Amino acid sequence: DGGGGIGGGSAPYQSLSSIKYNLLPVELVKNIVLAARDVLMSESLILQIEGSVAIAGDIHGQLQDLINVFAVEPPCGGRYLSRLGALSAEYDEYTKSGNAASRKYTEGGSGNPNALPDTTPSSTSTAGEKRDRDTTPGTKSKSSNYKLKDGDAPRKYLFLGDYVDRGDYSVETMLILLCLKILQPKEVFLLRGNHESATISRTYGFLRECTSKYGHGPGVGGESLWRIFVEMFMCLPVIAIVNSAIFCVHGGIPRDVDSVQRILAMQDVRPYDTPNNGFLCDLVWCDPEDHDAEYMPNSRRVSYTFNEGALDMFLRRNQLQLVCRAHQVMEHGYGFFPPPRGSAPSTRKLVTIFTASNYVNSFANAGAIMLVDADMSIHFKVFNPVGLKELAFLERGLSLIHI
């Protein structure tokens, strides 16, 4: 969830009722979810991912943002959803014409205070970092090329959870990601967020979306379909280690089980519902916070917050360089912890990625994904909030996506 201050119930991302498209048949949806469940259960609770990886944070049913992400950083080397390339090119011309009501964020200077510098980081940094200059949707960069060079491996995708609730298109967002997972299980990876549970998704909109789209009738209606989704949620992995150096998770570091090796040695408890406490709860619920104590009660009233000292200890104990997580809205799509102190820059031991732009139509935040290259250089693709005039292109995007 993008923060603790948002009240109960689902808040729509935009008023999209004018967008018309055909729902997938309920039996097909059911079969996709069940097939994906089997693929997820074939994986470990902790994923080991090597190579170049694109990492996305919360999406929350904002299909607009998933289309935006895939248009400029296509999954699986562009083998699927490739018709979004035409949409991206058309959108690029639209933004250049000056018609788009988009907001541009700059990195560095008076823009993002957590921005990456243009220069190579100092020797104290553990991973090379660079900023992506292309912050406008549809602009061309080396990460937006659909054709791979000979010998190049496609960039893998890792999603950090919170695919559902709040937005209007949780079903479609989830189905696209599950189909990609079925088609390319070694290139697309899905972690569990705190919203991938029965309790949370019942309260914050996903159940309501399922019943509004697929009805309350007997057999496989909306509520039955929601339960099938929930059973799949219970099979999602919770941790990914990228290039043996980056600890990826939805929430944060576990307090009671502070060794990755200990977690690897544990029996795989899936399928399971997220508990109210313990390390499986902490992995999807806890947050970093700048305070003196290593751990403090969380204002979310579940799990805890951890400080820089606890983070340092976790990284040293597990010989890791960086924690990458989601779970909190970032004004510029991403942000580092601990925060800068005075004139000293952030030491960048943890990065939070939030991909849903203009979250719940209230925050006016940018969205972002983090790109990790095989040589461990890191940069970010930042996305503007989608303006009302741009929804016509998103309608086209919905019509282009047929799994």
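The values are calculated or read from the model by the stated rules, or taken from the named source; none is laboratory data. As the structure is a computational prediction, the values presented were derived from the model and not from experiment. Quick reminder, even Gly has a Cβ in these numbers, built from the backbone with ideal geometry, and neighbours come from all protein chains shown. Quick note on the areas: whole protein, heavy atoms, side chains included, nothing else; ligands and nucleic acids left out. Shrake-Rupley method; radii C 1.70, N 1.55, O 1.52, S 1.80 Å.
So the values come out like this:
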read-out: Local electrostatic count at Cys210 - Lys and Arg +1, Asp and Glu -1, tallied over other residues with Cβ under 11 Å; value: +2
read-out: Cα gyration tensor shape for segment 232-285, rounded if a/c is under 1.5, else prolate or oblate; value: rounded
read-out: Two-site FRET efficiency, Lys30 against Arg202, from Cβ-Cβ distance with R₀ of 22 Å, rounded to 0.05; value: 0.70
read-out: Protein accessible area in segment 226-294, 1.4 Å probe - carbon and sulfur %; value: 43
read-out: Simple label model, 7 Å out from Cα along Cβ direction - Asp292 to Glu331, nm; value: 2.8
read-out: Members of Lys186/Lys213; Lys30/Lys156; Lys186/Lys349; Lys156/Lys213; Lys156/Lys381 lying beyond 23 Å, as alpha-carbon distances in this model show; value: Lys186/Lys213; Lys30/Lys156; Lys186/Lys349; Lys156/Lys213
read-out: Cα centroid separation, segment 204-238 to segment 153-187 (Å); value: 16
read-out: By average C-beta atoms within 10 angstrom, highest first, the peptides 295-302, 174-181; value: 174-181, 295-302
read-out: 1.4 Å probe accessible area per residue over segment 160-289, in Å²; value: 32
read-out: Share of carbon and sulfur in the accessible heavy-atom surface of segment 328-372 [1.4 Å probe, %]; value: 53
read-out: P(r) of segment 211-366 over all Cα-Cα pairs, binned every 5 Å from zero, in whole percent; value: 2, 8, 14, 18, 18, 16, 11, 6, 4, 2, 1, 0, 0
